[in-house]
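What follows is one structure encoded as structure tokens, with my remarks underneath.
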Amino acid sequence: MFEARLLQGSLLKKVMEALKELLNEAAWDCSDAGIQLQAMDNSHVSLVSLNLRAEGFDKYRCDRNLSMGMNLGSMSKILKCASNEDIITIKAQDNADTVTFVFESPDQDKVSDYEMKLMNLDQEHLGIPETDYACTIRLPSSEFARICRDLSQFGESMVISCTKEGVRFSATGDIGTGNIKLAQSAKVDKEEEAVVIEMQEPVSLTFACRYLNSFTKATSLSKSVQLSMSPEVPLVVEYKIEDIGHVRYYLAPKIEDEEAA
Amino acid sequence: MGIKGLTQLIGDSAPAAIKENEIKNYFGRKVAIDASMSIYQFLIAVRSEGAMLTSADGETTSHLMGLFYRTIRMVDNGIKPLYVFDGKPPEMKGGELNKRAEKREEATKQLAIATDAGDTAEIDKMNKRLVKVNKVHTDECKQLLKLMGVPYIEAPCEAEAQCAAMVKAGKVYATATEDMDSLTFGSNILLRYMTYSEAKKMPIKEFHLDKVLQAMSYTMDEFIDLCIMLGCDYCDTIKGIGAKRAKDLIDKHRCIEKVIENLDTKKYVIPEDWPYQEARRLFKNPDVLDPETIDLKWNQPDEEGLVKFLCGDKNFNEERIRGGSKKLCKAKQGQTQGRLDTFFKVLPSNKPPTPSTPASKRKAEESKKGSKGGAKFKRAKSYREANRWPEPLTFHEFPADLARRKLWLQIIEREDWIPGDKAKICAMHFAPECYREATASAVKRLNATAVPSLNLTLEPLPNKPTKTATLRIKNSSSVGTASSSTATQSHVDDVEHQPIISVDYGHEKAQYGLKDADTTTESRKRISNIIVVDLIKDKKAKYPDKPKPVVIGESCSSCLEMKKDLREVEFQLAMVKQELTEQKKLVESLKKQIKNGA
């Protein structure tokens, strides 16, 4: 028996928004520690890793480990039926082939439940090693979304370079070039509005704008976002979800062509 | 062409080996393409109003059209194509080639008839059958590829074999062809529908040889033999043996020699002079160029050259050719997108392969027919998969060192018990740090300080009422088996297991067990799992007619799945009975005392 009750139903709706652009289907792995999801997009360029800890739920019960393969398109259709104030409960029997979503209105006078068929997914799990990144950049998530949107007009790919002075995002394309520089904030009124850079060595990597734009769909989950980079390893874009967990995106960098040289 | 019925067979018995993917997901991959096959395809498929495309002076240009646009389509998607042309056909292929020539003759006749009758559909069909790739076609294609800056090589013999050799050497990612031969030649990944037109919207089908072998549990040699049995280009097959029977035979006998030995010659006629050994040799050691010596280079296209070649005498539209050339140029420059799998390792999959309907049906039948052990094994497997336990599970003996042995027994709460030399604890109960560094033998061994620490307490029962209900049912059945098996139990020579289940079922009346079984479930939440391992042995002794060897998975199943298992119920029953006997004795002695006192 699996049951997870979430008071802030809107949170699940936002999580769904953050996932469904990259993934068509994914396995939700439930254990007594919480709910985890790890999946790559079809082209194996990016990876989404979602973690919702059991403590973040109002009520959480998971008798045995359970992996529920869900079609995210269908799931998002169901979650659209919930209003933002609703309390959402996810339920599944052990070895069941369906999952049930229950939406309760805050004053308890309306209760709706939706049952969805599960899928049998054969997904590869990747082992992601713990890495010390050469640069970590924290910036307001809305700022990051804006940068990605603006620069993707110029070209397919974006260079993120981080130096002592700050971080520079740039893109080049047919119409010209665009550069955005962010310096470390000198004085901070609100912590989440600060730009904070921690750097061991300067890094410059190129990424596809298309994926970065998909990542920014998670902007509503968190006020700030953290980018972690090291030379020649995937970029990590992390959005913390208050009190309950995080969603992390990994993106493989673009590599110089060996023949082109 | 290819291997008869192999696609179907793989679809049925190894569905996990087939994946579908969009062409755009192959960016950055180098792919070897069987050129002769694709040219043939183009000649058939690239047509306008049923006739091949021709230049002003009537020369065919379908192949060039196809090659140009479909190569651009691949390059546009970031794929780096490499064309491999056939060399001389091997002598063995003579028979097959003759057959094809015969078919062609037949088609010519049919065409004449159709033309007389004016049946356009038939004319069309026969015309397609008459298509043959000749030297002019291939030479023109080579010239075009050179102008496009796409590399090609000429194989000394079969193109598929050359492609396979390059895949094996890691020079290219996959072979793109429609011929299933490539798998037999050992190409690990085979892509189908790669050169199909955009308009068809056909997803690319990926076949993985390693997964095929794994799912069918074959070695490469056995797989080659299977392919020969199915029917390849090099020799005949045994009449009356189709895909299914061929697989069954190889499953049973593992090589063609043994199949022939055991075949009912009255029913099936083995072709005289069947050169299967020669065919096998061709598959295993084909004539290929050493992949290491091949230098692959993708160059800039020669736009002027292309225009001259295609627009001059072949009457192509200049604008479109220039457009295509721009696309080739554009794809050349810049960077390739990396893939996450190159940075992070893929963890071994814990999911069971999902068989398609026919295979699953077969499996279901098997498990129905098969022994109880088979079904149990399956259940154990699913349990293990659900709990993400990577195979294989190892078992560990109790330490010889007395102090440590005592510690182990304390941990499992069975201090009063002396483990026999066959008592073992499965790897589920050991933390990873308990193991020694991997040795050459690859057998996982415990280090000197290892103690069982995991999964010592059973999970709480999920659903009590149903649990007790099943307990009751199972109890009654188990009592039946227990009493029936008492006779055989006396034969047990593994005396050391007796302390664990020292209860003789037969002497006890069944109703005691029935009444008290559910009360004990509560009190015995903590049950050491070792007992179960021993219990199977006991069980084995009870059913001596059952196959002797204990599959690791099976013994593990009991270890993991005991609360659901009949054996556990039996064990609990045994404990209750033991208690009851003791109490009865006590009552008896008390009674005696009372009597004596009286």
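Every number in this text was worked out from the coordinates using simple rules, so none of it is lab data. No experiment lies behind these values; they were computed from the predicted model shown. Don't worry about glycine lacking a Cβ; one is built from the backbone with ideal geometry, like all the others, and counts go over all protein chains shown.
The value given for chain A is a Kirkwood hydrodynamic radius of 19.7 Å, derived from the mean inverse Cα-Cα separation. Candidates A:Thr131, A:Leu227, A:Leu11 compared by Cα position along the dipole of chain A: farthest toward the positive end lies A:Leu11, with charges placed on Cβ. Spatially, segment B:221-254 and segment A:165-196 are offset by 65 Å when compared through their Cα centroids. Per-residue ellipticity at 222 nm, computed for chain A from helices alone with -39500 (n - 2.57) per DSSP H run of at least four residues, works out to -4500 deg cm²/dmol. When each of the peptides A:130-136, A:188-194, B:124-130 is scored by how many other beta carbons lie within 10 Å of its residues on average, the order from highest to lowest is B:124-130, A:130-136, A:188-194. Segment A:135-251 has equivalent-ellipsoid semi-axes of 21, 17, 14 Å, by the square roots of 5 times the alpha carbon gyration tensor eigenvalues, sorted largest first. So which of B:Lys88/B:Lys125; B:Lys200/B:Lys308; B:Lys19/B:Lys201; B:Lys132/B:Lys244; A:Lys117/B:Lys201 end up more than 21 Å apart, counting from Cα to Cα? Flagged as over cut-off: B:Lys88/B:Lys125; B:Lys200/B:Lys308; B:Lys132/B:Lys244; A:Lys117/B:Lys201. Sorted on the mean count of surrounding Cβ atoms within 10 Å across their residues, most packed first, peptides B:206-213, B:102-109 read B:206-213, B:102-109. Candidates B:Asn25, B:Phe68, B:Ser48 compared by Cα position along the dipole of segment B:24-76: farthest toward the positive end lies B:Asn25, with charges placed on Cβ. Label zone (A:Glu17, point 7 Å along Cα-to-C-beta; backbone nitrogen cut-off 11 Å) within segment A:205-249: A:217-222. Using the structure shown, select from A:Lys91/A:Lys223; A:Lys187/A:Lys217; B:Lys24/B:Lys80 the pairs with a Cα to Cα distance greater than 18 angstrom. Check vs 18 Å cut-off fails for A:Lys91/A:Lys223; A:Lys187/A:Lys217. Expressed as a fraction of 2.2 N^0.38 Å, the value expected for a compact globular protein of N residues, the C-alpha radius of gyration of segment A:58-124 is 1.20. Once you sort the root eigenvalues of the Cα gyration tensor of segment B:210-293 as a ≥ b ≥ c, which label holds: rounded (a/c under 1.5), prolate (a/b larger than b/c) or oblate (the other case)? Since a/c reaches 1.5 but b/c is at least a/b, the shape of segment B:210-293 is classed as oblate.
Each residue, B:Glu122 and B:Asp341, gets one label point 7 Å from its Cα in the Cβ direction; the gap between the two is 5.0 nm. From the largest down, segment A:2-117 spans 45, 28, 25 angstrom on the principal axes of its Cα atoms. How far, in degrees from 0 to 90, does helix A:141-151 lean away from the longest principal axis of the Cα atoms of chain A, to the nearest 10? Result, in degrees: 60.
Charge tally around A:Ser112: other residues with Cβ under 9 Å, Lys/Arg +1 each, Asp/Glu -1 each, net -2.
Cysteines in chain A lacking any other cysteine Cβ under 4.7 Å from their own Cβ: A:Cys30, A:Cys62, A:Cys81, A:Cys148, A:Cys209. For segment B:570-590 and segment A:47-112, what is the separation of their C-alpha centers, rounded to whole Å? Cα centres, segment B:570-590 to segment A:47-112: 49 Å. How many angstrom lie between the C-alpha centres of segment A:134-159 and segment A:235-253? Rounded to whole Å, the Cα centres lie 15 Å apart.
With semi-axes defined as the square roots of five times the eigenvalues of the C-alpha gyration tensor, the equivalent ellipsoid of segment B:46-185 measures 30, 21, 13 Å, largest first.
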